[in-house]
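The values are calculated or read from the model by the stated rules, or taken from the named source; none is laboratory data. Please read these numbers as outputs of a predicted model, since none were measured by experiment. Using ideal geometry, Cβ is built from the backbone for each residue, glycine included, and neighbour counts are taken over all protein chains shown. Heavy atoms of the whole protein, side chains included, go into the accessibility calculation; ligands, DNA and RNA do not. Shrake-Rupley method; radii C 1.70, N 1.55, O 1.52, S 1.80 Å.
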Amino acid sequence: MTDAIDDLLVKLDLPAKIRLISGAGFFRFAGDESIGLAEMPVSDGPSGVRGEQWDERDPSVSLPSGTALAATWDRDLLTDIGALIAAEARRKDVYAVLGPTINLHRSPLGGRHFECFSEDPMLTAEIADAYVRAVQAHGVSACPKHYVANDSENERFTADVIADERTLRELYLYPFERSVEAGAWMVMAAYNSVNGATMTENDLLDEPLKGEWGFDGVVVSDWTAVRSTAGAAKGNDLAMPGPWELWGAPLEQAVRDGQVPESAIDDKVRRILRFAERVGALHGTPTPVPAFGEDAARQLVREAASLAMVLATNDGTLPLREPARVALLGSAAAEPRFMGGGSATVIPTRTTSPLQGLSEVLPVVYTPGVHLSENMIPVPLDLVTDPETGEPGLRLRYLDGDTVLASEHRGAGSLMLFGNPNAVQAKTIELRGRLRADMAGEWRIGFAGVGALTLTLDGEQVLDETVLPDGADPVEMLLNPPQRFVTRTLAEGEEVDVLVRMAPGGGFPAMGITCAVGRPRRSDDEEFAAAIELARTSDVAVVVVGTTEQIESEGFDRTTLRLPGRQDELVAAVAAANPRTVVVVNSGSPVEMPWRDDVAAVLLTWFPGQEFGSALADVLTGAAEPGGRLPTTWPKTIDDVPVLNTKPEPDNALPYSEGIHIGYRAWLKSGVAPAYPFGHGLGYTTWELDGLTVSGRTATVTARNTGARAGRQVVQAYLSRPDSAVDRPVRWLAGFAVVEAGAGESVSATVELPKRSFEHWTEQGWVVEPGSFTLRVGTSVTALPLTAEIG
Ligand code: BGC
């Protein structure tokens, strides 16, 4: 292969080589016909494969988000999920998925916490390893990201993480090391700096990545992360999106001037050709991936969602046994978050909300109780028709003055336009629809976007404004643009012609336009009182609470762990009105739950993907067990959190001064008890563990299901070293195993303890401290009944 690649390389002149490493489109790597290399579309990928375009006409399967996948602790499931991701990639004609996201949950405030797996490097590495192997087994590249220490979002382009070598090696680099071992064909370099150099210019790309670990794939920059020509040409191999202006001609010049050796460019091109060979873009076609039928995909996502749900407490109310009436409350029950916001977003083929899912199997009555967001929503398809065709949806026109460049029917109220030649050429973009009020009252009608926008209702222009982005982050600007609206009192069935016109602004090579509405609604107090009344008069109350896109998404960190709006107040009042109150928490990361000891059960669902409602119905009725175990510690209050700050200091420095003590390691060190510890989660049966034996680095225990139904348990093994000569965590996860057993059945759980679990990083490299380690085995970091000495 090396010879074959070198044969191709000699056929390329310098400009051709530089074209290959500078990208060809927003989500497209360059090709070169003269050597049989196809262009290579890629797609964001952590929790579904969006495709090269962001377009509702080409929808995707929406998977549980990263935290949810890690909460399953289940490598076999990840193997199936990887096959589905690969099948989606092939269906969408993309060669690579930009995932998994394997940064760590250093602070619960981290904005992309939902997308990452865990606070623990080993659990993260195990899940990442399974993900990468499974996707790539089908000839589609994975792309573990963001290398490295992009563990929070605040000022992510300028933040400079200050961390010592041991901390990097043992925690933040470890999941990348394991992903490279798993054979990753691509790694994404992060926006942030580490110890003074941006990650596209950082020596960490040489060592340990390409040197010690032998990574022979492509280092792709995070989108727009290349901020220098020669500097980034050292370790970064490909600048995206393309064609990236700082590379291209300036890089060619830098080579001619001798600032960048041509051999460095050759190395990058070799890597790209090797990548192309692996994904089937060189001389031929990619390997076929077995297709996933729609039903099979739905079934897998539904199962994964219930395996991820963590039952934090339960007084026996769950599973529900034929309740006469269930009060379903919370605005997230009807408008939940299926996925996290930002580049992880996909447009699902279909979704089931808790309201839809539970209504199919339980006698549900619903009211939101709280208005979670003041924001309008993209106009729903059942309320709007395309004036040209009369179909549900909107008419999108690209205009240059009076010339119509293109006109198309669209089936979504919110559109993301990039990589689309018409969008680039158009001076204005127009979205028009005929809105039909499905209820009488005061409607809000408006738009979301950045640029010069107007709103015209029934031919009368009612808004005209140049809207500037709220923050500096381009992704946030694109995905969470400011909204403007007018109010109109409409009778039920009344129709209005709505026209949103936008001359794009913002200077980003992508744009979004949204036609938005806010339905009439009861006053906050009336709505709240209605919910309490429903709870009081029902058998059981199920309250679905959660975060919103405004507080938990890519591009910024959270500032609080409180649930937004009056949700805490709602849960407390509902629990006072009905002792059988079950709270379902729909957030990607921990939130404070001041009422948690006053309710009958708390179920944490994360962002569970498109089948949320069906999976929730399975778990609440007991058709499925809630399988999840916490991949991250849930605090009682933000004040208790031992590692919290994600705000860089005025000189951009973000010191990781806690060193190796993050997550449960820091909690154990601080001696403060969280609300729910790492590894915790209940099922619908009970277990006893006994008979721990150790042989070499293999631990075996007997897990007995002592309850009345079949169940699943995650047996966890932790090491500690009480009299160590080095600073160590109180204990650390060393291995785990998933077991299943029928009622009354005993099974043997075998936990492999990798050598690395015994090693620590020193200036001389990895070493095992002589002497014995204490092994403790159980079902969470603080429920560890079995002990043995090793070594
Ligand atoms: C994100 C990446 C993503 C890329 C392309 C960036 O802003 O950090 O995770 O893959 O955009 O969408």
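Overview of results
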quantity	calculated
Which listed residue, of 337, 270, is of a type in the set (Lys, Arg) and assigned to a helix (DSSP H, G or I)	270
Condition met for residue 257 (more than 29 Å from residue 91 (Cα to Cα) and free of Cβ contacts under 8 Å to residues at least 24 places away in the same chain)	yes
Residue among 223, 185, 244, 213 that alone is open to solvent by 20 Å² or more (accessible area, probe 1.4 Å), more than 24 Å from the chain's Cα centre (by Cα) and under 28 Å from residue 52 (Cα atoms)	244
Pair list, Cβ < 7 Å and 6+ apart or interchain, from region 599-623 residues that are farther than 20 Å from residue 580 by Cβ and modelled with pLDDT of 95 or more to residues that are part of a strand (DSSP E or B) and open to solvent by 10 Å² or more (accessible area, probe 1.4 Å)	610/348
Selected residue (criterion: nearest to residue 240 (Cα to Cα)) from residues of region 13-29 that are open to solvent by 10 Å² or more (accessible area, probe 1.4 Å) and in contact with a helix residue (DSSP H, G or I) (Cβ under 7 Å, 6 or more places away or on another chain)	17
Criterion: farther than 30 Å from residue 167 by Cβ and small (Gly, Ala, Ser) - qualifying residue of 734, 703	703
Candidates 301, 255, 269 - the one that is in contact with a Gly (Cβ under 6 Å, 6 or more places away or on another chain), open to solvent by less than 50 Å² (accessible area, probe 1.4 Å) and away from the ligand (no atom under 16 Å from the Cβ)	301
The listed residue being over 26 Å from the mean Cα position of the chain (by Cα), more than 16 Å from the ligand (Cβ to nearest atom) and among the hydrophobic types (A, V, I, L, M, F, W, C), out of 415, 358, 394, 372	394
Complete set of residues in region 463-492 that are open to solvent by 40 Å² or more (accessible area, probe 1.4 Å), free of Cβ contacts under 8 Å to residues at least 60 places away in the same chain and over 22 Å from residue 340 (Cα atoms)	464, 465, 466, 468, 484, 487, 488, 489, 491, 492
Residue list for region 544-553, restricted to those being open to solvent by 10 Å² or more (accessible area, probe 1.4 Å) and either assigned by TED's automatic domain parsing to the domain that holds residue 472 or within 16 Å of the ligand (Cβ to nearest atom) (or both)	549
Only one of 397, 350 that is outside any helix (DSSP H, G or I), in contact (Cβ under 8 Å) with a residue 40 or more places away in the chain and among the basic types (Lys, Arg)	350
Filter pass, residue 349 being modelled with pLDDT under 95 and either more than 16 Å from the ligand (Cβ to nearest atom) or assigned by TED's automatic domain parsing to the domain that holds residue 532 (or both)	yes
Candidates 734, 703, 708 - the one that is in contact with a helix residue (DSSP H, G or I) (Cβ under 9 Å, 6 or more places away or on another chain), aliphatic (A, V, I, L, M) and touching a residue at least 24 places away in the same chain (Cβ under 8 Å)	734
Residue in region 720-739 that is within 28 Å of the chain's Cα centre (by Cα) and polar (S, T, N, Q) present	no
Filter result (over 15 Å from residue 554 (Cα atoms), crowded, with 24+ Cβ neighbours inside 10 Å and aliphatic (A, V, I, L, M)) within region 99-124	123
Within region 435-475, strands (runs of 3 or more DSSP E) holding 1 or more residues that are more than 16 Å from the ligand (Cβ to nearest atom), charged (D, E, K, R) and not assigned by TED's automatic domain parsing to the domain that holds residue 225	441-448, 460-467
Qualifying residue in region 708-729 (condition: in a strand (DSSP E or B), among the hydroxyl-bearing types (Ser, Thr, Tyr) and open to solvent by 40 Å² or more (accessible area, probe 1.4 Å))	no
Matching residues in region 151-175 - criterion: being open to solvent by less than 10 Å² (accessible area, probe 1.4 Å) and farther than 21 Å from residue 759 by Cα	153, 156, 159, 161
Every pair of residues 6+ apart whose Cβ atoms lie under 6 Å, when the first sits in region 173-192 and is within 16 Å of the ligand (Cβ to nearest atom) while the second is open to solvent by 20 Å² or more (accessible area, probe 1.4 Å)	185/278; 191/157
